[in-house]
Amino acid sequence: MSRAPLHVHPVGLDLAWNDPEANLAQIDRALSAGLKGAARPEEHLFLFPELTLTGFVTKDPPAYRLGEGPVARLAALAAKHRTAVAAGFPEAGDGKPLNALALFGPDGKLHARYHKLHLFTWGKNPEAATYRAGDTGVVASYRGWKIGFAICFDVRFPPLFHEYAKAGIDLLLISSCWIDGPHKTYQYKTITSAHAILAQAYVAAVNRAGKDPFFEYDGAEYVFSPFGEAREGPLDPAELENARKLVVRPSDLPSYQVK
């Protein structure tokens, strides 16, 4: 299947704390601004920060279900603007909620849903204490592009991205609430660009902006080419294939031992 035109827009919103309605309004405005003058909104995909509907709420987080309440209204915004939206929310599960990242198409229908595998273990109210981890990576097809998903702390665990590379993904969507601090901006940019190089795929990564009651954030918005370079404009299938002229995957070993 050929890859249709696709523009990816990371949007580092300053999320309202535990206020889905305020954040839905922000998403609506961001889509209107980002699509201004766009002749074909279906060619665009907007990536929003981790837990977009609530911010990084880890003490008594709410839990929402697909097709209901704020998540239904999120899907409706994708349909309203006739564009693709990747955004996060705490999803109701068995007991603890899951940290979910969902991709909705221009028709408002769900294309994919990923649950964060690696829960953050630091802070007064650690995410790992109040959320349940997912159990698998996810690869979805959108406009002929194979897309993988990751959330924030996941980026520190290379085996997930190694598996995405073996699955032949073309684009990684990384949604984050990557907290501020010494070296943190450099680390996030370096790690996400490295994943583009190692997976030989495009990477779109976004961090929230502003601050919540506990942390500050830098609002980073990145799109990296398969060569690890910053990119603007539509993704280029030719650049993807050019990067893959260096055939890496046959050199994989079944496992790597260290003595």
- Could you check A86 against (1) closer than 18 Å to V223 by Cβ; (2) surrounded by fewer than 22 Cβ atoms within 10 Å (Cβ to Cβ) and say which number it fails? (2)
- Answer yes if at least one residue in the stretch 143-153 is among the basic types (K, R), part of a helix (DSSP H, G or I) and either touching a Lys or Arg at 6+ places or on another chain (Cβ under 7 Å) or at pLDDT 95 or above (or both), and no otherwise. no
- In this structure, is L160 touching a Phe, Trp or Tyr at 6+ places or on another chain (Cβ under 8 Å), outside any loop (DSSP other than H, G, I, E, B) and either buried (at least 17 other Cβ atoms within 10 Å of the Cβ) or at pLDDT below 95 (or both)? no
- Any idea which of D170, D218 is modelled with pLDDT of 95 or more, surrounded by 17 or more Cβ atoms within 10 Å (Cβ to Cβ), among the acidic types (D, E) and touching a Lys or Arg at 6+ places or on another chain (Cβ under 6 Å)? D170
- In the stretch 122-132, which residue that is surrounded by fewer than 16 Cβ atoms within 10 Å (Cβ to Cβ) and in contact (Cβ under 8 Å) with a residue 24 or more places away in the chain is nearest to the chain's Cα centre (by Cα)? P126
- Residue count, the stretch 173-223, condition in a helix (DSSP H, G or I) and either of a type in the set (G, A, S) or free of Cβ contacts under 8 Å to residues at least 24 places away in the same chain (or both), comes to 7
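The values are calculated or read from the model by the stated rules, or taken from the named source; none is laboratory data. Not measured: the values here are computed from a predicted model. Counting neighbours? That spans all protein chains shown, and the Cβs are built from the backbone with ideal geometry, glycine included.
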